[in-house]
Amino acid sequence: MASSIFLHQSVNCFICNYQLGKNLKNGLAATKPNFTEKCTSSRKIGGIKARAVIDTMETATSPTAFPFFQTESQQEDTPASKLELADPEFYKMGFVRSMRAYGVEFREGPNGFGVFASKDIEPTRRAKVVMEIPLELMLTISQKTPWMFFPDIIPVGHPIFDIINSTHPETDWDLRMACLLLYAFDHDKNFWQLYGDFLPSVEECTSLLLATEDDLKELHDENLASTMRKEKARALEFWEKNWHSAMPLKVKRLARDPERFIWAVSMAQTRHINFRIRVGSLVQDANMFAPYADMLNHSCQPNCFFHWRFRDRMFEVMTNAGQRIKKGEEMTVNYMRGQRNNMLMQRYGFSSLSNPWDVLPFSGNARIHLDSFLSVFNISGSHEDYYHNAKFANEGESFVDGAVLAAARTLPTWSEGDIPPIPSLEIKAVKTLQEECQQILAQYSTTSKQDQHILDSTPEMSWTREAAIKYRLHRKLFVEKVIEALDIYQDRILF
């Protein structure tokens with residue numbers, strides 16, 4: 001990555017709950033995609049506003065008689081308090097219009113940036129806006145021909161447009177976005193020349209496009225590894241075709257080596273957003289880079305969503321209506337609803353420990369009673385919208401998570417009207433399904449405990465290899481969770 005650029009642009013930005021943060025080290029920040037529960041750090045938080053402390057005088061009366069002289073209680077420990085505030089200049093980059101944030105703050109941890117609530121957000125009947133990104137700061141290209149750019153930064157006749165125009169309309173969206181991003185870095189007085197310093201470098205990116213062959217072998221998933229090899233070969237072939245020696249310098253300097261271009265493709269895959277926008281009377285399905293909004297991490301139970309406000313061409317991040325968000329809680333969105341871990345890994349370079357859409361390949365004839373399984377774990381809703389009804393769960397019970405919801409979807413089940421299950425047959429089916437799960441685990445050369453030991457004992461491994469090992473670890477933990485859920489089911493089955 002290039003060194004930091006001095007942020008000298010004019011400021012026209014309003015930030016609620018503004019706090020002065022510690023300057024980013026070397027002006028760079030890694031943005032390793034990860035789940036909210038994997039953000040831990042032991043570093044001291046810098047930039048805390050100085051506060052005067054008044055010593056109370058000892059008197060014979062009760063200390064509570066003088067509340068004005070009481071020292072302020074210690075700040076509550078929250079996930080955000082373990083991370084460092086972003087550089088204040090990070091909010092101010094802009095030209096005509098800048099990003100505006102309301103009640104949120106950006107913090108940096110060992111796994112990169114995250115967005116956290118800077119105050120309690122009370123539940124309301126309507127969704128609440130917490131972030132606004134104007135169209136001028138975004139990079140947007142239509143999904144269908146003729147290619148349209150918002151804002152239109154590529155001049156007529158520039159060779160980069162011919163390169164974009166040579167891509168396949170249906171499959172090469174990431175190559176087009178990579179070309180647009182590289183051009184924005186080179187375009188004079190462009191916002192992305194500043195914001196690019198906050199994107200992860202090659203070493204800090206978890207995309208499997210940047211993984212070595214040894215990293216791909218750590219997946220223990222040959223289908224996924226083969227897919228990533230083909231994706232990388234497609235990007236290399238495109239670079240070799242368009243960045244040859246006869247191309248003009250203004251194109252060559254965008255990606256002088258294939259590693260630079262593959263990095264740009266990985267940014268396109270991991271940070272882009274598919275969205276329908278309206279500009280005037282024109283409605284377009286577009287691929288876009290939305291700065292600041294791309295710092296939101298993924299969660300299968302998000303508390304935010306995206307919205308396009310067409311009247312002033314503003315991309316909004318909004319909280320879910322009726323949801324309470326406590327101060328210090330992370331703001332999240334759902335990257336890909338209904339997708340398995342292998343798709344999350346292929347596109348974003350991470351996997352989820354409790355993905356409610358993961359599946360297991362059961363091949364036998366054993367089946368369990370669906371309604372009985374759902375009632376044991378207090379799971380409600382239709383098959384596509386299962387959720388844990390915590391109101392009927394025992395106090396303090398925390399076993400049911402996304403993995404148990406995935407088990408309810410992936411386990412072979414039967415349900416025939418009001419016919420009740422026969423306990424002996426259900427227990428027999430449970431044993432058969434658990435044997436299939438053990439066979440799946442036996443296909444791996446390592447156990448979940450061994451994988452965890454590798455992660456704990458090798459802190460300096462590359463980010464792509466760490467993501468690959470976590471992927472196979474999460475797969476094994478999911479299988480073990482299904483086995484444990486079947487044990488609980490046969491113990492609690494309703495007679």
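Things worth noting here:
- Model label sites at Tyr444 and Ala233, defined 7 Å from Cα along the beta-carbon direction, differ in position by 2.9 nm.
- Counted by Cβ distance under 15 Å from Ser382, the other residues give a net charge of -1, where Lys and Arg count +1 and Asp and Glu count -1.
- Calculated on alpha-carbon atoms, Rg and Dmax of the range 395-495 in Å: 17.0, 57
- Sulfur and carbon atoms: percent of accessible area, the range 138-220 [1.4 Å]: 51 percent
- Total formal charge among the other residues, if their Cβ is under 9 angstrom from that of Leu441, Lys/Arg +1 and Asp/Glu -1: 0
- With contacts taken as Cα pairs under 8 Å at a separation of at least 6 residues, the range 341-417 carries a relative contact order of 42 percent.
The values are calculated or read from the model by the stated rules, or taken from the named source; none is laboratory data. Note that the coordinates shown come from a computational prediction; the quantities given were computed from them, not determined experimentally. Reconstructed Cβ throughout: ideal geometry from the backbone, glycine too, with neighbour counts over all protein chains shown. These accessible areas exclude ligands, DNA and RNA; they are computed on the full protein's heavy atoms, side chains included. Shrake-Rupley method; radii C 1.70, N 1.55, O 1.52, S 1.80 Å.
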